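The values are calculated or read from the model by the stated rules, or taken from the named source; none is laboratory data. Not measured: the values here are computed from a predicted model. No Cβ is skipped: glycine too gets one built from the backbone with ideal geometry, and neighbour counts run over all protein chains shown. The accessibility values were calculated without ligands, DNA or RNA, using every heavy atom of the protein model including side chains. Shrake-Rupley method; radii C 1.70, N 1.55, O 1.52, S 1.80 Å.
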Amino acid sequence: MSLFSSIKKAFKNENGVGTSADKLHVDLHSHLLPGIDDGAKTMEESVAMIKRLTKHGVEKIITTPHIMYEFYRNTPEIIQGKLQETREALAAEGVDVQLEAAAEYYLDDQFISMLKHKEPLLTFGSNMVLMETNYIQDHPKLMDIFFELKVLGYTPVFAHPERYMYLQLTKDNYQKYQDIFFAGVLFQVNLMSFTGYYGNQIKQVADYLLKERMIHLVGSDIHKMEHVSVVHGLKRSKLFDKIMELPLMNNQL
Ligand SMILES: [Fe+2]
């Protein structure tokens, strides 16, 4: 084997382009409506990110602005209004994509009160509700809230479980993940977690969840243009082929 072909082979093995890059048609979990959370700041930025996101087979985007009482007091009216504006801007630019919006609910007192008062939540798919928690501290009512959502007829989806420090015990003990997963909560893992973008510990958990096939949905969690590049980088890797071997629910949304 010539030196050139050895190098080429080595490169292909490590960084070879995967074959699944265009197989994920529904992008879930992102912050692409302008000016209402820590995602896109302007309509120009929103349109530019969405335009680029559609380059790799993405036909539908379910964007999920934060609803977090302390920082982002978004309501269904605010989100639906911004969604409409963004759809119009995309149409004016000739961007061919189906844009929908739900929300990423933060587990706080306000959210608990919304459940108590049976306020309708923003959902996607089959009555799915995307929920996140504090990254560091365990919430004492976490399991109760998942249960409550189910009682109310929703399907709870746990946003990026791999990112919570309170769940990442040691590499050999991921019992808490098993507990939540087998309680019937859907796991939405972030694609960027597989790249090491959020750090090695988070990548290790994402790899574990992939190995154990404990992933129902993948999300991009795009907040800015840099994230689109990271997601596209992963989509060109062989690891992405492995992720796409999972029975993901994305394309059914
Ligand atoms: Fe998010």
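Let's see how each residue does on (1) within 16 Å of the ligand (Cβ to nearest atom); (2) over 17 Å from residue 168 (Cα atoms); (3) open to solvent by 10 Å² or more (accessible area, probe 1.4 Å):
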position	(1), (2), (3)
193	yes, no, no
216	no, yes, yes
221	yes, yes, no
236	no, yes, yes
244	no, yes, yes
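Pairs linking a residue in the stretch 49-67 that is farther than 19 Å from residue 252 by Cβ to a residue that is within 12 Å of the ligand (Cβ to nearest atom) and open to solvent by 30 Å² or more (accessible area, probe 1.4 Å), with Cβ atoms under 6 Å and 6 or more positions apart or on different chains, are 66/72.
Does any residue of the stretch 183-191 turn out to be without any contact (Cβ under 8 Å) to a residue 60 or more places away in the chain, under 20 Å from residue 66 (Cβ atoms) and touching a Ser or Thr at 6+ places or on another chain (Cβ under 6 Å)? There is at least one residue in the stretch 183-191 that is without any contact (Cβ under 8 Å) to a residue 60 or more places away in the chain, under 20 Å from residue 66 (Cβ atoms) and touching a Ser or Thr at 6+ places or on another chain (Cβ under 6 Å).
Looking across the stretch 93-143, just one residue is open to solvent by 70 Å² or more (accessible area, probe 1.4 Å) and within 14 Å of the ligand (Cβ to nearest atom), and that is 135. Just the residues that are open to solvent by 10 Å² or more (accessible area, probe 1.4 Å) and within 16 Å of the ligand (Cβ to nearest atom), please, taken from the stretch 144-161. Within the stretch 144-161, none qualify. Looking across 88, 70, one residue alone is more than 30 Å from residue 19 (Cβ to Cβ), surrounded by fewer than 12 Cβ atoms within 10 Å (Cβ to Cβ) and either more than 16 Å from the ligand (Cβ to nearest atom) or of a type in the set (A, V, I, L, M) (or both). It is 88. Inspection of the stretch 165-177 identifies no residue that is of a type in the set (Lys, Arg) and at pLDDT 95 or above.
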